[in-house]
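Some notes on the structure that comes next.
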Amino acid sequence: MILSDYKDFPRKGRIISLDWGLRRCGVAVSDENRDFAFTRPQLYINSQEELIQKVLDIIDKDKISGVVVGLPLYSDGSESDTTKMVREFANSLAKNTDLPIVFVEENLTSAAAQEEIGRKSIAKIKSELDSVSAKIILENAIAILKRI
């Protein structure tokens, strides 16, 4: 189920964060106490169904209690075509799991991820960028949950 806010999001347990893209999906998972966020290898997207299955496998393996999806918005808060595709992905995921799903605005997470990764080869940056972005999204979600 997709939640409109964090009010009904679980207060305990691991959280998975997803930074959806057309070709790759970044993944990060928190620890049980939500003190740390860890990147996971990014998932390459061949089909929406395959991506959902890969995410469900991680959810099952890591005993995830909630899902955070990065939502790309323009700086004025309006939605783009990519925003609509992310919402479609989240709706498809929601049809396949009972876990609560929330969105976190992901403005500037790629720039922050690039800064965190530092100076590396382009191939190395491409292999890490989406999951580091997912980690930043997850850290933002954890901060929101701790304020509630």
> Regarding residue 57, is this residue of a type in the set (Asp, Glu), surrounded by fewer than 16 Cβ atoms within 10 Å (Cβ to Cβ) and at pLDDT 95 or above?
Replying inline: yes
>> Please count how many residues of region 72-97 are within 17 Å of residue 138 (Cβ to Cβ) and touching a helix residue (DSSP H, G or I) at 6+ places or on another chain (Cβ under 6 Å).
In response: 2
> Hey, among the residues in region 9-35 that are closer than 18 Å to residue 139 by Cα and basic (Lys, Arg), which one's surrounded by the fewest Cβ atoms within 10 Å (Cβ to Cβ)?
Replying inline: 12
>> Of the conditions (1) surrounded by fewer than 16 Cβ atoms within 10 Å (Cβ to Cβ); (2) in a helix (DSSP H, G or I), residue 38 satisfies every one except a single condition; which number is it?
In response: (2)
> Residues of region 52-72 being touching a Gly at 6+ places or on another chain (Cβ under 8 Å) and polar (S, T, N, Q), which ones?
Replying inline: 65
> So is residue 104 under 20 Å from residue 2 (Cα atoms) and at pLDDT below 95 or not?
Replying inline: yes
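Here's the yes/no breakdown for (1) touching a Leu at 6+ places or on another chain (Cβ under 8 Å); (2) within 16 Å of residue 134 (Cα to Cα):
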{"residue": "23", "(1), (2)": "no, yes"}
{"residue": "37", "(1), (2)": "yes, yes"}
{"residue": "51", "(1), (2)": "yes, yes"}
{"residue": "91", "(1), (2)": "no, no"}
{"residue": "96", "(1), (2)": "yes, no"}
>> For a quick check of your reading of the model, give me the residue pairs whose first member lies in region 92-114 and is closer than 20 Å to residue 76 by Cβ and outside any loop (DSSP other than H, G, I, E, B), whose second is acidic (Asp, Glu) and at pLDDT 50 or above, with beta-carbon atoms closer than 9 Å and at least 6 apart or on different chains.
In response: 109/19; 110/19; 110/130
>> With the requirement that a residue be in contact with an Asp or Glu (Cβ under 9 Å, 6 or more places away or on another chain) and either exposed (fewer than 14 other Cβ atoms within 10 Å of the Cβ) or under 21 Å from residue 13 (Cα atoms) (or both), what does region 66-91 give you?
In response: 69, 70, 77
> Only one residue in 11, 24 is over 21 Å from residue 144 (Cβ atoms), in contact (Cβ under 8 Å) with a residue 60 or more places away in the chain and more than 11 Å from the chain's Cα centre (by Cα), so which one is that?
Replying inline: 24
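The values are calculated or read from the model by the stated rules, or taken from the named source; none is laboratory data. None of these values were measured; they are calculated from a predicted model. Every residue, glycine among them, receives a Cβ derived from its backbone with ideal geometry; neighbour counts consider all protein chains shown.
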